[in-house]
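First up is the structure itself, then whatever we jot down about it.
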Amino acid sequence: ALVSLRQLLDHAAEHDYGIPAFNVNNLEQIQAIMQAAENRDSPVILQASAGARKYAGEAFLRRLVEAAIESWPDIPVCMHQDHGASAAVCQASIRSGFSSVMMDGSLLADMKTPASYEYNVAVTRQVADMAHCVGVSVEGELGCLGSLESGQAGEEDGSGAEGVLSHEQLLTDPEQAADFVARTGVDALAIAIGTSHGAYKFTRKPTGDILAIDRIRAIHERIPNTHLVMHGSSSVPQEWLQIIREHGGDIRETYGVPVQEICEGIKNGVRKVNIDTDIRLAMTGAMRRSMMQNTSEFDPRKFFKEATAAARQICEQRFDAFGCAGRA
Ligand code: G3H
Ligand code: 13P
Ligand code: ZN
């Protein structure tokens, strides 16, 4: 059944677990996530970015999710719009049937330029008013992640957006978060706590304490009824990087957020954990390996099947680690 983000995250908060929100673009990713959710008896958040809408088109995304809900009627599914650039974008998604939208007002509509706080409040408030009328949940964002251009190098130093962001800009302020939530009425809030989008988060192997856990705790204590969201939560599995490299791929040394660190975040109030890159890496690794191992094969289903299995395994691991298994 289609449910709102608020419904899923209220349950997660009540029972102290986190829910992975996986980005989807096509049939195979949706099937992988749904199969994993069935195997782990987990609720599901499927999220579509602007890139996904451009890739698949609104009608295909809508009908793929409808098909998932029809095929797995017992699994609660939230269909969430990731990083809405404007109120108009959010309105279109609500009309398309999404049960949750993110208004990312931390950036202007070009999705590059950091926005003023007052702009963020006004545009997010506008979306919340509109969405709540029809039972749709709203996620806002306060604070700037390194960069939204996934795959771009050097994001961890914050040099992705307009110029270099200061350390304070890269961490959400708890007092401002409280003001933001009071003035906008968002259900969930994406916070900046040291993560960035894409595969190139850290150039050296993280040795614990890479997330601003104290900051997460301080924000959670200040706004306990607003569910915290962690973007840029891929762990960048080294085993998949190795498989990609062993099968003709070329990806330089890079590290993500260790699953253990995400679990610390969940203990301190994080409820929604955004993951895209890990599924991309697993699917690419599986396809590269399958193609090199089966050089005379030309039925793409063979490769897609391997990719689906690899994505499914990532999803199962995250459902287990975040305490989400058994909660559907
Ligand atoms: O927020 C970024 C997500 O990973 C989506 O990326 O815009 O390439 O679909 P995308
Ligand atoms: P990753 O690039 O770390 O998977 O983050 C995805 C994300 O935050 C989507 O909004
Ligand atoms: Zn994001």
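The values are calculated or read from the model by the stated rules, or taken from the named source; none is laboratory data. The shown structure was predicted, so the numbers you read here are calculated from the model rather than taken from an experiment. Cβ coordinates were reconstructed from backbone atoms using ideal geometry, including for glycine residues, and neighbour counts include every protein chain displayed.
Quick notes on this structure:
- Each residue in the stretch 284-304 was checked for being in contact (Cβ under 8 Å) with a residue 24 or more places away in the chain and hydrophobic (A, V, I, L, M, F, W, C), and 4 pass.
- Of the candidates 306, 261, 297, 316, the single residue that is at pLDDT 95 or above, surrounded by fewer than 18 Cβ atoms within 10 Å (Cβ to Cβ) and either of a type outside the set (Phe, Trp, Tyr) or touching a strand residue (DSSP E or B) at 6+ places or on another chain (Cβ under 6 Å) (or both) is 297.
- Residue in the stretch 157-170 that is modelled with pLDDT under 95 and crowded, with 23+ Cβ neighbours inside 10 Å present: yes
- Checked against (1) touching a residue at least 24 places away in the same chain (Cβ under 8 Å); (2) farther than 17 Å from residue 328 by Cα; (3) surrounded by fewer than 23 Cβ atoms within 10 Å (Cβ to Cβ), residue 60 meets all criteria but (1).
- Selection within the stretch 166-205 - away from ligand 2 (no atom under 14 Å from the Cβ), small (Gly, Ala, Ser) and either assigned to a loop (DSSP other than H, G, I, E, B) or in contact with a Lys or Arg (Cβ under 9 Å, 6 or more places away or on another chain) (or both): 166, 177, 178, 185
- Members of the stretch 206-249 found to be assigned to a helix (DSSP H, G or I) and under 23 Å from residue 16 (Cβ atoms), listed by number: 213, 214, 215, 216, 217, 218, 219, 220, 221, 222
- Scanning the stretch 74-85 for residues that are part of a helix (DSSP H, G or I) and either surrounded by fewer than 20 Cβ atoms within 10 Å (Cβ to Cβ) or within 16 Å of ligand 3 (Cβ to nearest atom) (or both) turns up nothing.
- Pair list, Cβ < 8 Å and 6+ apart or interchain, from the stretch 219-232 residues that are in contact (Cβ under 8 Å) with a residue 60 or more places away in the chain and on the phi > 0 side of the Ramachandran plot to residues that are β-branched (Val, Ile, Thr) and within 16 Å of ligand 1 (Cβ to nearest atom): 232/195; 232/257
- A count restricted to the stretch 247-282 and to residues that are closer than 22 Å to residue 213 by Cα, within 16 Å of ligand 1 (Cβ to nearest atom) and small (Gly, Ala, Ser) stands at 1.
- Sole exception among (1) farther than 22 Å from residue 276 by Cα; (2) within 16 Å of ligand 1 (Cβ to nearest atom); (3) among the aliphatic types (A, V, I, L, M) for residue 103, by number: (1)
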